[in-house]
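Below is one structure; the comments refer to it alone.
None of the figures in this text is laboratory data; all of them are computed from the coordinates on show. None of the values given here were measured: they were computed from a predicted structure. Note that each Cβ is placed from the backbone with ideal geometry, even for glycine, and that neighbours are counted across all protein chains shown.
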Amino acid sequence: MRICIFGGTFDPPHIGHLLVAQTVCEAEKFDKILFMPANKPPHKESISGVEDRLAMLNIAIEGNPNFEISDMEIKRGGISYTIDTLMDMKSSVIKEEDELFYLIGSDSLLELSQWKEPRGILKNCNVVVAIRPGFRPSDIPAWILHRIQFANIPRFEISSSNIRARWRENKTIRYLVTLPVWEYIDQNKLYD
């Protein structure tokens, strides 16, 4: 089985996340995209609670047989490091015949060399990169560039931080998130 982990805060999960996940799933012939919400990302200070992020993610991916959610990082607690997740996956979830992939955006790729054990990440999975506007491969160290693959997918420029800002400014987020996610944000006053 070809399994691709898609990690992030998903605060909120938006159409860009879903489009990238579906497109890369088809392009790379993955059997499953495993959405992995971070418990506490090492690079972000203020995020919504895990219950709200999990609820929105469940609503967002409902009905897609190729999408699943793992709460592994949430159950583990503490700061969510990719290398820890990969090692947990390999010891408890992944079978020997499975292929493990990890999907990141090119913005995250720029910081990969500063992540906890970046060489261990590259050794324990195949990193697939979704390119975002303005990305230049020349900004990436060669030891990383030679160990990753770029996904052949269209570029979508939607960000969760922009969605939260638009909400606070009383601007529409229509078409940026699914209607059920919009309703959840509104009912729970998440970004007020």
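Here the Debye sum runs over all C-alpha atoms of region 1-105 as equal scatterers in vacuum, and log10 of I(q)/I(0) at q = 0.12, 0.15, 0.22 Å⁻¹ comes out as -0.37, -0.59, -1.28.
Find the percent of Cα-Cα distances in region 93-171 that exceed 19 Å, and round it to a whole number. Present the calculation step by step, with values, prior to reporting the outcome.
Working: 1431 of 3081 pairs.
Distances greater than 19 Å cover 46 percent of the Cα pairs.
Can you give the FRET efficiency to the nearest 0.05 for GLU183 and PHE150, using r as the Cβ-Cβ distance and R₀ = 45 Å?
Values: r = 35 Å, r/R0 = 0.79.
Taking R0 as 45 Å, the efficiency between GLU183 and PHE150 is 0.80.
Annotation: aspartates and glutamates with alpha-carbon distance below 14 angstrom to LYS171 (same-chain offsets under eight excluded): ASP186, ASP192. Taking one quarter of the surface of the C-alpha convex hull of the chain gives a mean projected area of 10.7 nm². Of all aspartates and glutamates in the structure, the ones whose alpha carbon falls short of 14 Å from that of LYS44, not counting any fewer than 8 places away in one chain, are ASP11, GLU111.
In a shell of Cβ-Cβ distance under 11 Å around CYS25, excluding CYS25 itself, what net charge do Lys and Arg (+1) and Asp and Glu (-1) give?
Values: positive: ARG2, LYS29, LYS32; negative: GLU26, GLU28, ASP31.
Once positives and negatives cancel, what remains is 0.
For region 147-192, the alpha carbon positions stretch 43, 20, 18 Å along the principal axes, listed from largest to smallest.
Dividing the summed helix terms, -39500 (n - 2.57) for each DSSP H run of n ≥ 4, by the number of residues in the chain produces a 222 nm estimate of -10500 deg cm²/dmol to the nearest 500.
What full-extension length gain, to one decimal in nm, is calculated for GLU117 and GLN22 as 0.36 nm per residue of separation minus the Cα-Cα distance?
Numbers: separation 95, 0.36 × 95 = 34.20 nm, distance 2.85 nm.
Result: 31.3 nm gained on full extension.
To the nearest 20 debye, what charge dipole does the chain have about its Cα centre, counting +1 at the Cβ of each Lys and Arg and -1 at the Cβ of each Asp and Glu?
Values: 23 positive and 26 negative charges, 92 e Å.
In total the dipole reaches around 440 debye.
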